[in-house]
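Visitor: This is the structure I have questions about; it appears just below.
The values are calculated or read from the model by the stated rules, or taken from the named source; none is laboratory data. Every value quoted in this text rests on a predicted model; they were computed, and no experiment measured them. Quick reminder, even Gly has a Cβ in these numbers, built from the backbone with ideal geometry, and neighbours come from all protein chains shown.
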């Protein structure tokens, strides 16, 4: 089972037990985060596509670390003008370990078990 999650203006495919690198999140290390904007759930032949999001579904994860990506070089040049500009950039990201993908059916059964 996997889901497609929208966060930071981008969409990411996620699976339980795997990690993903997202835009920098405002959460501390080892803190739990929940994603409610689920665009699609895929479970074999049972798939749900949201319009725009799947209702009652969520993805839970734990922040593993905050880090910077590999450096990229931005080089600009104008031919025959002597204009050259070199600049570097390292994008910050948050690594999140996906612990659980919840569907609406799983939420209802969990609530009944707690009561």
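Visitor: Looking at (1) closer than 24 Å to residue 90 by Cα; (2) in contact with a strand residue (DSSP E or B) (Cβ under 6 Å, 6 or more places away or on another chain); (3) part of a loop (DSSP other than H, G, I, E, B), which one does residue 28 not meet, given that it meets all the others?
Guide: Only one criterion is unmet by residue 28, namely (2).
Visitor: Please tell me if residue 72 is surrounded by 13 or more Cβ atoms within 10 Å (Cβ to Cβ) and touching a strand residue (DSSP E or B) at 6+ places or on another chain (Cβ under 7 Å).
Guide: Spelling it out, it is not the case that residue 72 is surrounded by 13 or more Cβ atoms within 10 Å (Cβ to Cβ) and touching a strand residue (DSSP E or B) at 6+ places or on another chain (Cβ under 7 Å).
Visitor: Quick check on residue 65: is it without any contact (Cβ under 8 Å) to a residue 12 or more places away in the chain, over 21 Å from residue 102 (Cα atoms) and part of a strand (DSSP E or B)?
Guide: The answer is no for residue 65.
Visitor: Can you tell me which residue within the stretch 33-48, out of those that are in a strand (DSSP E or B) and exposed (fewer than 12 other Cβ atoms within 10 Å of the Cβ), is modelled with the lowest pLDDT?
Guide: For the stretch 33-48, the residue satisfying everything is 46.
Visitor: Does residue 55 meet the test of being over 17 Å from residue 15 (Cβ atoms) and either modelled with pLDDT under 95 or not in a loop (DSSP other than H, G, I, E, B) (or both)?
Guide: Yes; evaluated as a whole, the condition is true for this residue.
Visitor: Any residue that is outside any strand (DSSP E or B) and free of Cβ contacts under 8 Å to residues at least 24 places away in the same chain - is there at least one of those in the stretch 10-22?
Guide: no
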